[in-house]
Amino acid sequence: MIYARARRPRAGWCRRQIRLAAWIAVAALLLLFSALPGRTQQQECLACHGDQSMTDASGHSIAVDGKTFTDSIHGSLQCNDCHAGFTGYPHPDKPAPVQCGKCHADESGNVAGSVHAQASTHPCTGCHGNPHRIFAKSDARSTVYPLNVPRTCGNCHGNPEMAKKYGLPNVFSMYMDSIHGFALSKEGLLVAANCQSCHGSHHILAHKDPQSPTYKTNVPGTCGKCHAKIDADYEHGIHGKAVAAGDLKAPVCTDCHTAHAILQPTEAAFRMQSTPICGSCHTDKFSTYRDTFHSQLGSLGGYVETARCWDCHEAHDVLPASDPASPINQKNLVKTCGRCHAGANVSFVQYQPHANARDRQLNPGLYFVRLFMNILLISVLTFFVIHTILWLVRARYNQVKSKSANGGKDA
Ligand code: HEC
Ligand code: HEC
Ligand code: HEC
Ligand code: HEC
Ligand code: HEC
Ligand code: HEC
Ligand code: HEC
Ligand code: HEC
Ligand code: HEC
Ligand code: HEC
Ligand code: HEC
């Protein structure tokens with residue numbers, strides 16, 4: 001060692017030299033230890049991989065940005081905390097794949113049991129991106145920062161080829177145009193629902209799996225994490241009770257709102273399309289509603305301020321007419337109709353929003369009026385058909401008769 005070279009002795013100077021030598025020895029030992037296999041310095045790997053133009057034999061970049069890496073959440077780790085098996089140089093060309101599960105066992109186990117178990121080359125980098133630029137999820141630079149999640153999932157779920165290959169809908173664009181996507185991307189609202197809010201992050205399951213938060217009967221709870229009041233109303237209503245009792249024919253939030261293309265319910269587009277929403281299940285009530293003034297007004301287009309199903313029934317706390325708390329209970333009709341018809345009274349609400357002229361039991365008056373009108377119509381038609389036929393026969397008879405009177409020549 002050059003520093004330990006012997007010099008001509010002088011008392012104070014000599015002690016200083018010994019102390020210096022001791023320090024250097026310690027520093028050298030430290031360096032030596034950290035260079036041993038199992039504790040490779042970042043700087044040592046970065047001496048080569050820090051060169052931003054570095055590529056492997058196939059031209060693929062193998063450069064690592066040391067500055068960003070040090071900033072990242074793993075900045076204090078050594079390279080070989082992740083890249084195991086680097087014992088000497090030249091190191092192996094194809095090192096063993098990195099096992100994040102060594103330190104993140106929960107996440108790793110959850111991904112392994114999810115739909116994404118086979119989804120990409122590395123089970124973690126598909127969502128967490130460049131493994132040398134991972135930041136805390138609360139850091140805006142993170143790929144899983146709430147505002148970045150849709151883009152991250154959208155890298156695959158907004159890709160038409162991948163959608164086709166796996167037979168999945170291209171949900172990314174639908175989501176971005178929805179009220180949640182708008183709130184997130186345009187308003188930067190951190191609490192708006194992103195993909196992770198409804199699907200979770202690591203244990204993502206297909207919606208047909210009863211364990212999934214997107215399984216039909218779990219949907220109200222999933223939306224209800226944020227929309228608590230509406231969920232409570234819904235659970236109180238007949239639909240919520242039916243679903244809770246296992247009736248899968250009754251609607252959950254997504255049957256009426258969709259999952260990814262959720263519109264603001266005040267938007268004309270929602271109000272115009274929503275009659276079929278209730279109507280797709282209650283086909284009988286839909287067709288009778290279609291016959292009424294309220295519906296015909298709505299279907300003229302443009303004008304939407306008429307009564308939709310939920311204006312009379314409520315959207316979430318839907319109750320049968322027999323329930324005294326229901327807005328369509330006989331006792332509450334004046335109030336219900338009165339919201340729009342100022343001065344509505346008991347006689348006004350005798351008007352039947354679902355009058356069914358085909359149902360004799362339910363609407364006898366209407367039934368007989370309709371029957372009479374139909375009989376009248378048919379009689380009149382039959383009379384005129386017979387009349388016309390007789391008239392034609394008569395005309396032909398006259399024609400033939402006048403022909404023979406003229407000696408076979410036409411008149
Ligand atoms: C002397 C320069 C040098 C040093 C020091 C070095 N590497 Fe490499 N590394 C290379 C080269 C060259 C390749 C490309 C091999 C090839 O062409 O396949 C490579 C490839 C790699 C790969 C594989 C890339 C791939 O294509 O799969 C990893 C991972 C890697 N190095 C990690 C490390 C780590 C971790 C360290 C520190 C312990 C380190 N390297 C130190 C030169 C170096
Ligand atoms: C948090 C774990 C982690 C740490 C720490 C880490 N890496 Fe990596 N590195 C990965 C993963 C994951 C890959 C992707 C390849 C794989 O699956 O093994 C990778 C890939 C690489 C590659 C190949 C590049 C490529 O695109 O294929 C190089 C080179 C590399 N790392 C070098 C380093 C160096 C140098 C350090 C230290 C400065 C380091 N890594 C620290 C996880 C890590
Ligand atoms: C399908 C996308 C996806 C995959 C694949 C994925 N993650 Fe995540 N990860 C996320 C999201 C989204 C978050 C943010 C979760 C949150 O905000 O609660 C996250 C958060 C994390 C966190 C922070 C957890 C916390 O609650 O603080 C860790 C650690 C993590 N992931 C590790 C991993 C590991 C390890 C793998 C691979 C085994 C992996 N992730 C695979 C999407 C993913
Ligand atoms: C040697 C152990 C180790 C390995 C291997 C490792 N990590 Fe980490 N990881 C950590 C530590 C320590 C933290 C910091 C935890 C903290 O601050 O709460 C962390 C934090 C994270 C976070 C941020 C958590 C948050 O608060 O949002 C993510 C995401 C993450 N790691 C993903 C990965 C991925 C992906 C891999 C594989 C490429 C990986 N980790 C490999 C030790 C490791
Ligand atoms: C690296 C690409 C990739 C990323 C990133 C990704 N996915 Fe996937 N995802 C897939 C693939 C591929 C499948 C189909 C897996 C299969 O069917 O085997 C899938 C399946 C799914 C399914 C199940 C579909 C079904 O019913 O079968 C859901 C839900 C899902 N992903 C949600 C997400 C969410 C949420 C994120 C973001 C947190 C995300 N994915 C990120 C590739 C990805
Ligand atoms: C408000 C909650 C919510 C949000 C936000 C959300 N999803 Fe979904 N997602 C669902 C529900 C519920 C389903 C179940 C199928 C359905 O009802 O259409 C689903 C189904 C899926 C499917 C599978 C489709 C199928 O037919 O199996 C994929 C893939 C998916 N979502 C990905 C995403 C991605 C990517 C994002 C973010 C861009 C996202 N989702 C945002 C609730 C949500
Ligand atoms: C992570 C919390 C969260 C979850 C989970 C969530 N939402 Fe939302 N949702 C919001 C926020 C925040 C807004 C407000 C956006 C705005 O007004 O800009 C919103 C807005 C809405 C709106 C428009 C309301 C209005 O008055 O304009 C509807 C409808 C809606 N969500 C339905 C759903 C449905 C259905 C689900 C489940 C499939 C769901 N949400 C899950 C947070 C959430
Ligand atoms: C039977 C269909 C249906 C079901 C089920 C349903 N909604 Fe609605 N929702 C509607 C209609 C219709 C509106 C518009 C109400 C209005 O304009 O008065 C609405 C309005 C909303 C709004 C806007 C705020 C408001 O009260 O006007 C939110 C948020 C919402 N629903 C969330 C949910 C959630 C969360 C669930 C599940 C717990 C759910 N909805 C279940 C039909 C439904
Ligand atoms: C996915 C199908 C579906 C949709 C969509 C739907 N319903 Fe229902 N609804 C049902 C089922 C099933 C029941 C019966 C529940 C029971 O009796 O247990 C029901 C019950 C009712 C009842 C109680 C009266 C009765 O016949 O039992 C009313 C009122 C009602 N729905 C109104 C509405 C309104 C208003 C909408 C739109 C905002 C709507 N429904 C949307 C399936 C649906
Ligand atoms: C103008 C207010 C109004 C509108 C709009 C309206 N309804 Fe009704 N609905 C009522 C009243 C009042 C009753 C109870 C009397 C009856 O059965 O005719 C009722 C009864 C019902 C019932 C049976 C309830 C029970 O307990 O027997 C269902 C189901 C129903 N409506 C569904 C719908 C659907 C679906 C729509 C939209 C296509 C709709 N309603 C539009 C006022 C309305
Ligand atoms: C959301 C508002 C709204 C509700 C609730 C509502 N209507 Fe209407 N109704 C209208 C509008 C708008 C018109 C057409 C404009 C007009 O003539 O006033 C209309 C027209 C009518 C008409 C024909 C025109 C007339 O004024 O004579 C009758 C009858 C009627 N409604 C009865 C009812 C009854 C009964 C109820 C309660 C079961 C009811 N409406 C609830 C908005 C509503």
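The values are calculated or read from the model by the stated rules, or taken from the named source; none is laboratory data. Everything numeric in this text was worked out from a predicted model, so none of it was measured. Note: ideal-geometry Cβ built from the backbone for every residue, glycine included; neighbour counts use all protein chains shown.
The table for this structure:
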item: Residues of the range 240-272 that turn out to be in a helix (DSSP H, G or I) and either among the charged types (D, E, K, R) or in contact with a Cys (Cβ under 9 Å, 6 or more places away or on another chain) (or both), as a count; result: 7
item: So VAL144, is it part of a helix (DSSP H, G or I), crowded, with 19+ Cβ neighbours inside 10 Å and away from ligand 10 (no atom under 16 Å from the Cβ); result: no
item: From SER201, SER178, residue being within 16 Å of ligand 4 (Cβ to nearest atom) and either under 28 Å from SER138 (Cα atoms) or modelled with pLDDT of 95 or more (or both); result: SER201
item: Matching residues in the range 85-110 - criterion: being at pLDDT 95 or above, of a type in the set (A, V, I, L, M, F, W, C) and out of contact with any Cys (no Cβ under 7 Å at 6 or more places or on another chain); result: CYS103, ALA105
item: Where ILE204 falls short, out of the listed (1) without any contact (Cβ under 8 Å) to a residue 40 or more places away in the chain; (2) away from ligand 8 (no atom under 16 Å from the Cβ); (3) outside any helix (DSSP H, G or I); result: (1)
item: Residue in the range 246-263 that is over 24 Å from SER173 (Cβ atoms), surrounded by 15 or more Cβ atoms within 10 Å (Cβ to Cβ) and away from ligand 4 (no atom under 16 Å from the Cβ) present; result: yes
item: The range 164-190, residues that are touching a helix residue (DSSP H, G or I) at 6+ places or on another chain (Cβ under 8 Å) and part of a loop (DSSP other than H, G, I, E, B); result: LEU168, PRO169, ASN170, GLY188, LEU189, LEU190
item: Some residue of the range 321-343 being over 20 Å from HIS236 (Cα atoms), buried (at least 16 other Cβ atoms within 10 Å of the Cβ), small (Gly, Ala, Ser) and at pLDDT below 90; result: no
item: Selected residue (criterion: nearest to ligand 6 (Cβ to nearest atom)) from residues of the range 228-264 that are in contact with a Gly (Cβ under 9 Å, 6 or more places away or on another chain) and either among the small types (Gly, Ala, Ser) or assigned by TED's automatic domain parsing to the domain that holds ALA325 (or both); result: ALA250
item: Among residues of the range 118-136, those that are surrounded by 13 or more Cβ atoms within 10 Å (Cβ to Cβ), assigned to a loop (DSSP other than H, G, I, E, B) and in contact with a Ser or Thr (Cβ under 9 Å, 6 or more places away or on another chain), counted; result: 9
item: Positions within the range 45-85 being in a loop (DSSP other than H, G, I, E, B) and among the acidic types (Asp, Glu), in sequence order; result: ASP51, ASP56, ASP65
